[in-house]
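The values are calculated or read from the model by the stated rules, or taken from the named source; none is laboratory data. Just so you know, these numbers come straight off a predicted model, no measurement behind them. Glycine gets a Cβ as well: all are built from the backbone with ideal geometry, and neighbour counts include every protein chain shown.
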Amino acid sequence: GEDVEQSLFLSVREGDSSVINCTYTDSSSTYLYWYKQEPGAGLQLLTYIFSNMDMKQDQRLTVLLNKKDKHLSLRIADTQTGDSAIYFCASRRASKIIFGSGTRLSIRP
Amino acid sequence: DGGITQSPKYLFRKEGQNVTLSCEQNLNHDAMYWYRQDPGQGLRLIYYSQIVNDFQKGDIAEGYSVSREKKESFPLTVTSAQKNPTAFYLCASSVADRDPYEQYFGPGTRLTVT
């Protein structure tokens, strides 16, 4: 079956890097995504990576993909209070996107 | 401004009543989706539609119904048969079958049934 798993909580100090991890089971996933959800709002696509890539960098965001281990991570450099949100990992298979349960990132001063 | 609108933001209903949640998009997207979000859980797919007048059940379609009479609109009806309807409902749209298959989300409707 299709499954995407991630830990529920992460707390980091302001200015440090945050690393959010995700594992997925479907080896035929073509794209993998990171979405951000702020309180009471919909999801916003942060970044995505194609399955034949192993890294993608976009300003403060770095996505690493280990296809052999089916492991995806999102690194946020210089974490700020505005980065507080729930981050969802997701994988695409055919016309469906499968979402993980989300990691709530909290920032401490 | 292009985007997806969902209304209302908060909705309250008594048990046993059907309720319809609105979702409209002006992005000219072919595909539209309804998800349900419960605390500590990921998004679960209720229904999706790739084209007007056609839709498919997602993983948790029981107790829900949809229609897709216009490209811009994909309303979701939560029927009295849905055993646990209180949740946050999210609508999304995308260009059908074009990579990277990004889904654009509306702001959500929080439904409370008592």
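For region A:74-109, filtering for residues that are on the phi > 0 side of the Ramachandran plot and within 13 Å of chain B (Cβ to nearest Cβ) leaves 2.
The residue that is farthest from the chain's Cα centre (by Cα), counting only those in region B:12-34 that are among the hydrophobic types (A, V, I, L, M, F, W, C) and more than 14 Å from chain A (Cβ to nearest Cβ), is B:PHE12. When you look at B:ARG68, is it part of a loop (DSSP other than H, G, I, E, B) and free of Cβ contacts under 8 Å to residues at least 60 places away in the same chain, yes or no? Yes.
One residue stands out among those in region B:51-69 that are touching a strand residue (DSSP E or B) at 6+ places or on another chain (Cβ under 9 Å) and away from chain A (no Cβ under 14 Å): the one that is nearest to B:HIS29 (Cα to Cα), which is B:VAL52. Only one of the listed residues (B:GLN50, B:GLN37, B:GLN56, B:GLN82) is closer than 21 Å to A:GLN37 by Cβ and within 15 Å of the chain's Cα centre (by Cα). That residue is B:GLN37. For region A:7-22, check the following and say yes or no: at least one residue is touching a His at 6+ places or on another chain (Cβ under 8 Å) and not aromatic (Phe, Trp, Tyr). Looking through region A:7-22, at least one residue is touching a His at 6+ places or on another chain (Cβ under 8 Å) and not aromatic (Phe, Trp, Tyr).
Of the strands (runs of 3 or more DSSP E) lying entirely inside region A:40-109, the ones with 1 or more residues being at pLDDT below 95, under 15 Å from A:ASP3 (Cα atoms) and among the small types (Gly, Ala, Ser) are found at A:85-93.
For region B:72-98, a tally of residues being touching a strand residue (DSSP E or B) at 6+ places or on another chain (Cβ under 9 Å), assigned to a loop (DSSP other than H, G, I, E, B) and within 14 Å of chain A (Cβ to nearest Cβ) returns 3. One residue alone among B:TYR101, B:TYR48 is free of Cβ contacts under 8 Å to residues at least 24 places away in the same chain, facing another protein chain (nearest Cβ under 10 Å) and assigned to a loop (DSSP other than H, G, I, E, B), and that residue is B:TYR101. For A:SER29, the test of being in a loop (DSSP other than H, G, I, E, B), touching a strand residue (DSSP E or B) at 6+ places or on another chain (Cβ under 7 Å) and either under 28 Å from B:PRO107 (Cβ atoms) or of a type in the set (Ser, Thr, Tyr) (or both) is passed. Here is the figure for region A:1-46: residues that are on the phi > 0 side of the Ramachandran plot and within 12 Å of the chain's Cα centre (by Cα) total 0. From the set of residues in region A:47-64 that are on the phi < 0 side of the Ramachandran plot and more than 14 Å from every other protein chain (Cβ to nearest Cβ), which is surrounded by the fewest Cβ atoms within 10 Å (Cβ to Cβ)? Step by step, filter region A:47-64, then rank; the result is A:MET55.
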